[in-house]
Amino acid sequence: MKSQKDDVIQILLVEDNPGDIRLTQEALKEGTIRNELHVVKDGVEAIEFLKRKGKYIAHPTPDIILLDLNLPRKDGREVLAEIKSDENLKLIPVIILTTSDADLDIQKSYKLHANSFIPKPVDLDQFIFIIRQIETFWFTVVKLPAKNTKTLMDLKQTTNILLIEDNPADARLVEIYLNESSMIIPKISRVAELKKGLFMLEESDFDVVLLDLTLPDSSGFDTVKTILNEFPGQTVIVMTGLEDDTVAINSVKAGAQDFIVKGQFDSNLLSRTITYAIERHQLQIKLEDYAKAIKLNEQRLIEAQTMARMGNWELDVVNNQMYWSNEVFRILGFKENAIEPTLNDYLKYVAPEDINNVRNAIKRTMEKGQPYHIEYAVVLPGNIRKTIANQGLIQKSKKSNGLCLAGTIQDISNLSALHDGSSINVEAITQQLQLIKTEAAKLKGADHLQKLIDDAADLLQSK
């Protein structure tokens, strides 16, 4: 900050005492530094001034703040805390100028990063002397950081708004409110018909559409649907003259992000509605894209499991309920989701000569927490016999967040042909297992599945 005499120092005085305001004005008039004093009389006004809201939108950012602690509406301590926590304001020096000289107030002010604390003197001449000392010290002795002339408002990007409204008075009022806004910098395009609005959307990009529901060429919620059918990614806010919950519900059902009632909003409400609608819609699009990506990865995992004849499962150790992937159903001869499986449903197909080994493997894992791997035969309806490789371990369930036994089963009936002198393509199966592992890595919480796939690949290579 420069201190030459031709610089005008901007000072904000936050003070509700008329006498102290007048004394400060007189003291600064007679000072040696050119200054412009701005006065607000409560804490709420102080924050509005500093953030250039409402009537203060054109006011400058102050070079220094003289702040009383005992203020109406918002306490000076709250104002100080808000200033020092705001990235755009925290470098402005704040001088506490108050009647209090209590140690508690002094300590709290400095903890909130006040730059100095000065008790107001009772003597009038001494008060004027203090004000002049503040002026001299802060603007001729102290070297302050350069003031950032760009505020948060200056850094905001333009919001492109398409206003589709056929009533000139309503349209003009919306334009006035938007241009008064301290939250957004609006660039407004206005048309009076839906057909022209669709043409504008075809030709240009808009952040939001403010849409009247009663237009010369369209009316009702079909108006919203028409826009969103043509431009499904567009943020739309409905404007209506009806203060009716049904209108709000149907507007959102039709695809609008929000609605506002004509005559029931001001500049701030309109700006907030637009800002939140845009942010909410962008978040919604991201969530939808994320859900699509998860669904695609899950589908790829299912396809990979099918090719490798491998499925995954979970067992609730409390109630013996099981979750089977689609491939487990197929391996065991069921249609997908044909039953709500339990451990007994699974074990009843295990060959009689293997049932004790399977039960003991599961029991040891549940008691000692060590993973198991076992191969055994299952006998399915129609006397179909398959050889199964089964692996399991204790982990936290993705379904219930409780402990569960989770694992994989793989139909290795073809592998058993090795013992009969036949041959299989080990390399091809290994590649399919690697494909399953790659797809599993894209799913949240699938570390155990990847470990089991690695074990299956090692087993295959040992055959």
For Phe129, solvent-accessible area (1.4 Å; no DNA, RNA or ligand), Å²: 100
Quick one: how many Å² of Ile374 are accessible to a 1.4 Å probe, rounded to 10? 20
Projected label distance in nm at Ile374 and His113, using a 7 Å step from Cα toward the beta-carbon: 6.3
With DNA, RNA and ligands ignored, accessible area of Met183 (1.4 Å probe; Å², nearest 10): 60
At R0 = 25 Å, FRET efficiency that the Cβ-Cβ distance of Arg132 and Lys90 yields, to 0.05: 0.40
I want to check the label-to-label distance for Asn326 and Thr158. Put each point 7 Å from Cα in the C-beta direction and report it in nm to one decimal. 4.9
Listed by chain and number, the residues whose amide H is under 5 Å from that of Val317, excluding neighbours fewer than 5 places away on the same chain and using placed H, are Leu405
Tally Lys and Arg at +1 and Asp and Glu at -1 over the other residues with C-beta under 12 Å from the C-beta of Asn320: what net charge comes out? -4
When every protein chain stays in place and a 1.4 Å probe is rolled, Ser182, Ser219 sorted by accessible area with the largest first are Ser219, Ser182
Just subtract the alpha-carbon distance of Glu193 and Lys396 from 0.36 nm times their residue separation and send over the number in nm, one decimal. 67.4 nm
Spin-label proximity, Asn70 to the stretch 118-132 - amide N less than 14 Å from point 7 Å beyond Cα toward beta carbon: 119-122
Difference of contour (0.36 nm per residue) and Cα-Cα distance, Ala102 to Glu180: 23.8 nm
Would you mind getting me the FRET efficiency between Tyr290 and His38? Use the beta-carbon distance for r and R0 = 56 Å, nearest 0.05. 0.70
Points 7 angstrom from Cα along the Cβ direction at Met366 and Lys348: gap in nanometres? 1.8
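Would you please give the FRET efficiency between Phe231 and Ala338, computed as 1/(1 + (r/R0)^6) with r the Cβ-Cβ distance and R0 = 35 Å, to the nearest 0.05?
Between Phe231 and Ala338 the formula returns 0.25.
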Consider a paramagnetic label point 7 Å from the Cα of Leu242 along Cα→Cβ; state which residues of the stretch 194-233 have an amide N under 20 Å from it. 194, 210-228
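The values are calculated or read from the model by the stated rules, or taken from the named source; none is laboratory data. This is a predicted model, so every value here is computed, not measured. Heads up, the Cβs are rebuilt from the backbone with ideal geometry, glycines too, and the neighbour counts pull from every protein chain shown. We work out accessible area using only protein heavy atoms, side chains counted, and drop any ligands, DNA or RNA first. Shrake-Rupley method; radii C 1.70, N 1.55, O 1.52, S 1.80 Å.
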